[in-house]
Amino acid sequence: MTLTEPHNRLPQIIQGGMGVGISSWQLARAVSMRGGLGVVSATCLDTMLVRGLQDGDPGGHLRRAMARFPLPDVAQQVERRYFRPQGREKGEPYQLLPMHSGLGSAWSRTLITLSSFVEVWLARQDHSGPVGINLLTKIQTQTLPGLYGAMLAGVDCVLMGAGIPRDIPGILDLFAAGQKAQLRLDVFGDAPGQKALLTLDPAEFGQEGRTLSRPAFLPIVSSNVLATMLARRASGSIQGLIVEGPTAGGHNAPPRGEMRHDDQGQPIYGPRDHVDLDALRELGVPFWLAGGTGSPGGLQRALAQGAAGIQVGTLFAYCQESGLEDSLKSEVLRQAARGSLGLLTDARASPTGFPFKVVQLADTLSDPELAAARRRICDLGYLREAYRQPGGGVGFRCPSEPVEAYVLKGGRPEDTLGRQCLCNALLADTGHGQPRGSGAELPLLTSGDDLLRLHEFLGDRQQYSAAQVLDWLTTGS
Ligand SMILES: Cc1cc2nc3c(=O)[nH]c(=O)nc-3n(C[C@H](O)[C@H](O)[C@H](O)COP(=O)(O)O)c2cc1C
């Protein structure tokens, strides 16, 4: 494995990939236009695409991008099936995509590839700045088509955390060479040596042999051990590292060693969770610091510590261009200005088992009563884990699905306690929540600890733009 030279094109400020849909193409484009690295989130993009089409595709952006997909027939088929010119009737449920099964179908690969293409294509319009895409390593079933679609659209950078994305650099090399790539699916209950392989062949899209530009790869790490492993033993070269601490929004790495909780049930982090930046520098790989670094002082401190810059999430999550639904955005900003927001690192909420930062906000699933009242339904299934079925096939289960179903699939009842359906809740954050009976799925917001300091940046404003965030970070004004 060789490390390439430091990636000269990557800017000091990276706007973090925030799923689902918070790091929208509009946000990434706004950031990239102003000299930062704008990043779109790949999580649930296929569902976001078909829900956007069912809501009438305001502005026609999705269809404009779909028309540029290398397989026009596919784009037309998706449009015919999901586009509703007048949008849905009030309270009418969204038509769902089939959930991933087995080793995936050609149709689901196509839709994921298309949706990833669309998001990156739109983020790249009208400027020449670099654009990145963020994927959650844990959502393995989406990885190959998510990467391939993004590369077809010319993505400049791939960022991946929430897991160990060791195989990804080699996959990017293969796709860049126009070749088939495979990714080993982690299947619970498999014996050593037993393998389930996910596959994507560019030939499926009529692209056999078509070479593509190889994006930079920036894994997201929270420890020196992982940083060293990825820099030295990944399947190909990495171009940098994002070093993320437990103050960041979204999922956090669990504390190292035995898990201990404070009296609110939050994981307790200790000195072992600090990344030793001296040791990190010795790897000779450029790195960006993430998690509570989103301030002019944070940028200066990061640079002084030898970082190439910072990755910022929370500040961008509430700017005008983000995909967060407007009324939620305004409510959080109103409460942030008053300093009345609470934040909890929930060790149980995420089906992934990773700690997840939850904004304590009325009328969202952060309210334990509302969470308990939600009837468990699993109809999106992105965070399901694969398990080996008694007959030898690969099945999928999620600790936030109905408990009986999970247990029937061999899951342990205790693993279901306190789990939230992040798929449905995070889609609701974007205003695309699924209607249920007389109501709809409720949102659940995540943010980093910087949310509690947002008033320092906000001042008297009730809203702000991505450009204002970038100006503030770089000039302090
Ligand atoms: C709303 C929200 C959603 C996030 N979702 C993801 C995600 O899907 N994948 C990921 O790697 N990081 C995610 N993050 C982390 C950000 O990309 C970024 O690294 C982090 O927010 C930086 O720390 P900060 O929030 O203190 O600025 C999310 C953060 C927020 C605030």
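The values are calculated or read from the model by the stated rules, or taken from the named source; none is laboratory data. Note that the structure is a prediction, hence the values are computed from the model and not measured. Every residue, glycine as well, gets a Cβ built from its backbone with ideal geometry; the counts of neighbours run over all protein chains shown.
Before moving on, here are some points about what is shown:
- Leu328 falls short on exactly one of the conditions (1) within 16 Å of the ligand (Cβ to nearest atom); (2) closer than 19 Å to Glu456 by Cβ; (3) surrounded by fewer than 22 Cβ atoms within 10 Å (Cβ to Cβ); (4) touching a residue at least 60 places away in the same chain (Cβ under 8 Å), and that condition is (2).
- Among the candidates Ala371, Ala337, the residue that is touching a Lys or Arg at 6+ places or on another chain (Cβ under 9 Å) and outside any loop (DSSP other than H, G, I, E, B) is uniquely Ala337.
- Going through (1) among the hydroxyl-bearing types (Ser, Thr, Tyr); (2) crowded, with 22+ Cβ neighbours inside 10 Å; (3) not in a loop (DSSP other than H, G, I, E, B) one by one, Tyr387 falls short only on (2).
- When the criteria are applied in full, Leu303 fails the requirement of being part of a helix (DSSP H, G or I), touching a Pro at 6+ places or on another chain (Cβ under 7 Å) and at pLDDT 95 or above.
- Complete set of residues in region 332-349 that are within 15 Å of the ligand (Cβ to nearest atom) and over 19 Å from the mean Cα position of the chain (by Cα): Val332, Leu333, Ala336, Leu341, Leu343, Leu344
- Considering Ala227, Ala253, the condition of being part of a helix (DSSP H, G or I) and within 16 Å of the ligand (Cβ to nearest atom) is satisfied by Ala227 alone.
- Top-ranked residue in region 113-141 [being in contact with a His (Cβ under 9 Å, 6 or more places away or on another chain) and β-branched (Val, Ile, Thr); ranked as farthest from Glu321 (Cα to Cα)]: Thr141
- Condition met for Thr199 (modelled with pLDDT of 95 or more, of a type in the set (Val, Ile, Thr) and assigned to a loop (DSSP other than H, G, I, E, B)): no
- Restricting attention to region 43-87, the residues that are within 22 Å of Ser105 (Cα to Cα), surrounded by fewer than 19 Cβ atoms within 10 Å (Cβ to Cβ) and among the small types (Gly, Ala, Ser) total 0.
- Residues within region 362-399 that are aromatic (Phe, Trp, Tyr) and out of contact with any strand residue (DSSP E or B) (no Cβ under 8 Å at 6 or more places or on another chain), tallied: 1
- Taking residues in region 273-297 that are under 20 Å from Gly161 (Cβ atoms), and partners anywhere that are among the polar types (S, T, N, Q) and within 15 Å of the ligand (Cβ to nearest atom), the pairs with Cβ atoms closer than 6 Å and at least 6 places apart or on different chains are Trp288/Gln311; Ala290/Gln311; Gly291/Thr247; Gly292/Thr247.
- Checklist (1) over 23 Å from Thr43 (Cα atoms); (2) surrounded by 21 or more Cβ atoms within 10 Å (Cβ to Cβ) applied to Cys398, failing item: (1)
- Ala337 being touching a Phe, Trp or Tyr at 6+ places or on another chain (Cβ under 8 Å) and either modelled with pLDDT under 95 or surrounded by 20 or more Cβ atoms within 10 Å (Cβ to Cβ) (or both): no
- Residue that is free of Cβ contacts under 8 Å to residues at least 12 places away in the same chain and surrounded by 16 or more Cβ atoms within 10 Å (Cβ to Cβ), where the choices are Leu174, Leu200: Leu174
- Those residues of region 45-57 which are of a type outside the set (D, E, K, R) and either in contact with a strand residue (DSSP E or B) (Cβ under 9 Å, 6 or more places away or on another chain) or under 12 Å from Leu114 (Cα atoms) (or both), in sequence order: Leu45, Thr47, Met48, Leu49, Val50
- Among the candidates Leu442, Leu473, Leu427, residue that is in contact with a Lys or Arg (Cβ under 9 Å, 6 or more places away or on another chain) and part of a helix (DSSP H, G or I): Leu427
- Considering only residues in region 272-300 that are outside any helix (DSSP H, G or I), out of contact with any Pro (no Cβ under 9 Å at 6 or more places or on another chain) and hydrophobic (A, V, I, L, M, F, W, C), the one that is surrounded by the fewest Cβ atoms within 10 Å (Cβ to Cβ) turns out to be Leu283.
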